[in-house]
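In what follows, a structure is listed as structure tokens, so that the remarks can point back to it.
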Amino acid sequence: MIEFIAQNMAPIMFFSLIVFMLLGYPVAFSLAANGLLFFFIGVELAPYSNGSINLSWPLLYALPERFWGVMSNETLLAIPFFTFMGIVLERSGMAEDLLDTIGQLFGPIRGGLAYAVIFVGALLAATTGVVAASVIAMGLISLPIMLRYGYDRRVASGVIAASGTLAQIIPPSLVLIVLADQLGRSVGDMYKGALIPGLVLTSMYMGYILLMSIIRPKSMPALPLDARTLGHGVTSLFAALVLAVAIAYAAHVYLSPTHGANADILGACVGVVVIYIAAILDRGLKFNLMSRLAQQVIIVLIPPLALIFLVLGTIFLGIATPTEGGAMGAVGALIMAAAKGRLSFDVVRQALASTTRLSSFVLFILIGARVFSLTFYGVNGHLWVEHLLVSLPGGEVGFLIAVNVLVFLLAFFLDFFELAFIIVPLLAPAADKLGIDLIWFGVLLGVNMQTSFMHPPFGFALFYLRSVAARVPYLDRITGKNIQPVTTGQIYWGAVPFVCIQIIMIGLTIAFPQMVMHYKGEQVDPSTIEIKMPEMPGLGGGLGGGLGLPPLGAPAPAQPGTAPAQPGTAPVQPAAPANDLTKPPSFN
């Protein structure tokens, strides 16, 4: 019995960890305690393991170095920067302004508020990267408006929760930073690979709303005319956009001779800045060349888009690392909050407290994971997992299906940080051995882990929405109607269609890997590469005779004053000069 336990220590250790967490112990302490407990057991059982346990007491001396590796990891430094940026932006009222403005823009069409929530959710994801901030902000602002104008409660709650989870997959997502670190890949490459799947998923959400507006039109009515406070003016907005594009193109043509490939980006910046300043002057000086709707959309939308370019644009262009991009984003968020007059000591204090809490949470999980992995590797757990996964039927496709089913099921009980720190390090070696690109694998897992926020009954996005949704009937302050509360069951059922959409997105990512693999740039076929040596006249050219040397296989030319060698005789070697060792050497 002892020999059996010793030789199967890895699976016993893994399932014990799951039991620890199901009992409700904190993840970080479950990892560390499990690792230390099985380290002691493994040292005692090592003589009975037939060589499958490689643990000894001196191995504990490696823990301080492993802890230092976690604390000195510059990649993870981006997490507090992006967290701070997201919380400051949420406190600055950016989400409120965006939802109000985009809601007015899409209001005249059926399902317009739902489209606005998805659009703003994608923008918040690209600026904050924090799911909790996005869901809570949109739940507080949009849910009462959607209920006021007759939206189905399941549709309203589902679209808010799903749109908030876009912060999981659209850069600068925190989970992508963690996945890149655990997979040993570049965060910039992970961001590039995840961009198109994130946009496709956003489009699928909008497609679902379009389908529901056709099948069940009464579930998402258009905004009534008296609620459109910004009036009409889409034509004016379209004209302003055309003018901005024309200015950008003219600037591109003007800057091309001096700035080359960067002229298109600089031209776009010039066009955006000009139209933004024009909208501010038009409103401030009351020229009224633009409609109120066009002014509001331009003034509200351009600052977050500029912040997105400041963060993601500099990362994609190779100007800044993700950590540097996060630092610039944090400064940009402070500037935006100050420009709106909402930057105060209390806002900064709350942002710092929340950032410290999340960063400490991540750090303690990482330290616990290092303790667990030290023991798990010592009992050859990584080999056990690798053999288990590589031997699955179906090869690469079978491995991907099995892994995604496993992660999907574990996401019912674990959040994305726990999955990234516990499961991903065990899956990565097997994926690498099967020849799977780890950036593609990481993005695929990121889309899958996004479902951990939407799973009833443990999805965190559902909890966040439940915390801000009305629990009792209330009187609407605008219409005076008695609004019924949103039940927990309605929130759960509203999330189910979006979980199905995310599962479809996982299948699309597997079926069309080029959505992610574009991060490598244009691929070159090695078979089309032709190497031609240039002709060198005057140096002999060809395979011989260059630099005054005879062609290969030809005898050396005769020295002046010597007779040519006769055919069939060996060439005469010149006599070596005699050195007089009694005199100093001469270098003349």
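The values are calculated or read from the model by the stated rules, or taken from the named source; none is laboratory data. Quick caveat: nothing in here was measured; it's all calculated off a predicted structure. We place every Cβ from the backbone using ideal geometry, glycine too, and count neighbours over all the protein chains shown. These area figures cover heavy atoms from the full protein model, side chains too; ligands, DNA and RNA do not enter into them. Shrake-Rupley method; radii C 1.70, N 1.55, O 1.52, S 1.80 Å.
Here the helices (runs of 4 or more DSSP H) wholly within the range 409-459 that include at least 3 residues being over 12 Å from Val178 (Cβ atoms), over 19 Å from the mean Cα position of the chain (by Cα) and in contact (Cβ under 8 Å) with a residue 12 or more places away in the chain are 424-433.
Of the residues making up the range 464-489, just one is open to solvent by 50 Å² or more (accessible area, probe 1.4 Å), under 25 Å from Leu409 (Cβ atoms) and either touching a residue at least 60 places away in the same chain (Cβ under 8 Å) or touching a strand residue (DSSP E or B) at 6+ places or on another chain (Cβ under 7 Å) (or both), namely Tyr464. Is it the case that the range 70-92 has a residue that's free of Cβ contacts under 8 Å to residues at least 12 places away in the same chain and open to solvent by 20 Å² or more (accessible area, probe 1.4 Å)? Looking through the range 70-92, at least one residue is free of Cβ contacts under 8 Å to residues at least 12 places away in the same chain and open to solvent by 20 Å² or more (accessible area, probe 1.4 Å). Among the residues of the range 108-118, write down those that are touching a residue at least 40 places away in the same chain (Cβ under 8 Å), at negative phi and crowded, with 21+ Cβ neighbours inside 10 Å. Those that are touching a residue at least 40 places away in the same chain (Cβ under 8 Å), at negative phi and crowded, with 21+ Cβ neighbours inside 10 Å: Gly112, Leu113, Ala114, Tyr115, Val117, Ile118.
Note on the range 162-202: residues that are aliphatic (A, V, I, L, M) and in contact with a Gly (Cβ under 7 Å, 6 or more places away or on another chain) amount to 12. Among residues of the range 356-378 that are over 14 Å from Ile177 (Cβ atoms), those with a beta-carbon under 8 Å from a residue that is surrounded by fewer than 18 Cβ atoms within 10 Å (Cβ to Cβ) and among the small types (Gly, Ala, Ser) at least six positions away or on a different chain give the pairs Arg370/Gly69; Leu374/Ala62. The condition of being modelled with pLDDT of 85 or more and over 18 Å from Ala133 (Cβ atoms) holds for Pro64. For the range 266-315, filtered to residues that are open to solvent by 50 Å² or more (accessible area, probe 1.4 Å) and not hydrophobic (A, V, I, L, M, F, W, C), the residue that is farthest from Lys192 (Cα to Cα) is Lys286. Of the residues making up the range 119-149, those that are in a loop (DSSP other than H, G, I, E, B) and open to solvent by 10 Å² or more (accessible area, probe 1.4 Å) are Val130, Tyr149. Of the residues making up the range 1-20, those that are at pLDDT below 80 and either touching a Lys or Arg at 6+ places or on another chain (Cβ under 6 Å) or surrounded by 20 or more Cβ atoms within 10 Å (Cβ to Cβ) (or both) number 1. In the set (1) within 30 Å of Ser359 (Cα to Cα); (2) touching a Ser or Thr at 6+ places or on another chain (Cβ under 9 Å); (3) open to solvent by 10 Å² or more (accessible area, probe 1.4 Å), Glu96 fails one condition alone, (2).
Scan the range 220-265 for residues that are open to solvent by less than 40 Å² (accessible area, probe 1.4 Å), of a type outside the set (Gly, Ala, Ser) and either over 26 Å from Leu312 (Cβ atoms) or over 35 Å from the mean Cα position of the chain (by Cα) (or both) and the total you get is 4. Please count how many residues of the range 37-58 are in a helix (DSSP H, G or I), surrounded by fewer than 16 Cβ atoms within 10 Å (Cβ to Cβ) and of a type outside the set (Asp, Glu). Residues meeting the conditions: 6. Considering only residues that are aliphatic (A, V, I, L, M), within 24 Å of Trp440 (Cα to Cα) and open to solvent by 40 Å² or more (accessible area, probe 1.4 Å), look in the range 342-401 and name the one that is nearest to the chain's Cα centre (by Cα). So, considering only residues that are aliphatic (A, V, I, L, M), within 24 Å of Trp440 (Cα to Cα) and open to solvent by 40 Å² or more (accessible area, probe 1.4 Å), the one nearest to the chain's Cα centre (by Cα) is Ile401.
From the list Gly164, Gly188, Gly150, the one residue that fits, being on the phi > 0 side of the Ramachandran plot and not acidic (Asp, Glu), is Gly150.
Screening Val242, Val273, Val200, Val253 for residues that are under 22 Å from Val120 (Cβ atoms), modelled with pLDDT of 85 or more and either in a helix (DSSP H, G or I) or not hydrophobic (A, V, I, L, M, F, W, C) (or both) leaves exactly one candidate, Val200. Looking at (1) in contact with a His (Cβ under 9 Å, 6 or more places away or on another chain); (2) closer than 30 Å to Glu74 by Cβ; (3) open to solvent by 10 Å² or more (accessible area, probe 1.4 Å), can you tell me which one Gly193 breaks? With respect to (1) in contact with a His (Cβ under 9 Å, 6 or more places away or on another chain); (2) closer than 30 Å to Glu74 by Cβ; (3) open to solvent by 10 Å² or more (accessible area, probe 1.4 Å), Gly193 is out only on (3). Within the range 431-440, the presence of a residue that is open to solvent by 10 Å² or more (accessible area, probe 1.4 Å), of a type in the set (Gly, Ala, Ser), farther than 30 Å from Leu363 by Cα and modelled with pLDDT under 85 is excluded.
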